[in-house]
Amino acid sequence: DIGSTTSPWDELPIRDELRGKSPYGAPQLDVPVRLNTNENPYPLPEPLVERIAERVREAARGLNRYPDRDAVELRTELARYLTRTTGHEVVRENVWAANGSNEVIQQLLQAFAGPGRIAIGFEPSYSMHGLISRGTGTGWISGPRGDDFTIDTATATAAVAEHRPDVVFITSPNNPTGTAVAAETVLALYEAAQAAKPSLVVVDEAYVEFSHRPSLLPLIEGRPNLVISRTMSKAFGAAGLRLGYLAAHPAVVDAVQLVRLPYHLSAVTQATALAALEHTDTLLGYVEQLKTERDRLVTELRAIGYEVTDSDANFVQFGRFDGEDGAHKAWQRILDQGVLVRDNGVPGRLRVTAGTPEENDAFLDAVRALKKEQH
Ligand code: PMP
């Protein structure tokens, strides 16, 4: 459309609420040290790669058929993993799985929100909660967080009482700040949400395996509208697999089946996830190393003179970078030294994912140099 001053977007019969919006997009740049998307830096161990190949070969023999629509074996193994790691017994009927926890969240919003309904999250938090809300026609309310990035129980419950949302998102540990949420706060928000009218409370525990605190999963007992969302993208080092899951009352699992696409979870995905679950102990060993590295990043960043938010995740929020566009300029200076971190748009702050010890050393060298420049 050369010569035209109107963009094709102007003519596109797209939904009004999507017009002019940007898609989710962390830059995927080819630099030596990538610490920007909270991935696990360790490739899957070779014995697991072998086991995946074996299981996928088996699955390939049946690819002329649709996969197990209810993913029974996978949900059984996920339930076993949750029971073993939280000490709270859950069974297959409590568990649902989809292509990444993003799809789990989308299915929850399709079933429990949508046009005429609203969802709330306490920001800054995971931006996809708001974006998937918008994509499903759900209204979005940006709830408050304190200056220290924690959720103040009184302020947050007041926001829930005021807006009477249909879905409440609580991210613990929170992305991008790393902040864990106390069980008492979750319970207070759950009570506030039920007082207004029955509504769904989703605790997004994508990073919980890295936390100093235990999972909030046991809270689902006796709370039929509480959902715990999880993923194999972080602790299992399998972001490329696309496997997320939830634990909740069996009625929630029944409800999402009304909106899931038939056979949404391919046989190859199910086979790969099952292979990964056989190697849980090895993978959780990497998690321990990453927790140590995360704690080292916090300590060293503070020693250099940065302000650092306490972290229960596999990443660390640090700053402050004052002045106009301070965080973005710092992001660029760190990138100039071959290290990609994330500018999430939190004023004056950046986020770095814990990588291998060598990657973290490269990052620390870069921010040490940056600190010297700023003095
Ligand atoms: N929840 C949170 C808080 C996240 O940070 C992410 C990924 N960045 C997700 C959910 C989605 O992860 P996935 O779809 O890979 O499971």
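Since every read-out is calculated from the coordinates, none of them should be taken as a lab result. Since this is a predicted model, take the numbers as computed values, not measurements. Don't worry about glycine lacking a Cβ; one is built from the backbone with ideal geometry, like all the others, and counts go over all protein chains shown.
For this structure, a couple of remarks:
- Distant-in-sequence amide H partners of T138 (H built 1.01 Å from N, under 5 Å): G114
- Packing rank of 107-114, 321-328, 238-245, 363-370, where each peptide gets the mean count of other beta carbons within 10 Å, highest leading: 107-114, 238-245, 363-370, 321-328
- Neighbour net charge for P41 - beta-carbon separation under 12 angstrom, K R +1, D E -1: -1
- Based on DSSP H segments of at least four residues, each scored -39500 (n - 2.57), the chain has a per-residue ellipticity at 222 nm of -13000 deg cm²/dmol.
- Within straight-line cross-link reach of K197, lysines at Cα separation under 17 Å, skipping those fewer than 8 residues along the same chain: none
- Segment 108-230: C-alpha gyration tensor shape, a/c 1.5 cut-off, then a/b vs b/c: rounded
- Charge tally around I170: other residues with Cβ under 10 Å, Lys/Arg +1 each, Asp/Glu -1 each, net -2.
- With the convex hull drawn over the C-alpha atoms of the chain, the volume per residue is 172 Å³.
- Segment 130-173: C-alpha gyration tensor shape, a/c 1.5 cut-off, then a/b vs b/c: oblate
- A straight Cα-to-Cα reach below 16 Å connects K234 with the aspartates and glutamates E39, E103, D204, E205, E209, D281, E288, E293, D312, residues fewer than 8 places away in its own chain not being considered.
- Classified by the C-alpha gyration tensor, segment 61-278 has a prolate form. Its axis ratio a/c, with a ≥ b ≥ c, is 1.5 or above, and a/b is larger than b/c.
- Based on every Cα atom in segment 283-367, Rg and the maximum pairwise Cα distance Dmax equal 12.4, 42 Å.
- Sorting the Cα pairs of segment 179-307 by distance into bins of 5 Å, from 0 upward, gives 2, 9, 15, 17, 17, 15, 12, 8, 4, 2, 0 percent per bin.
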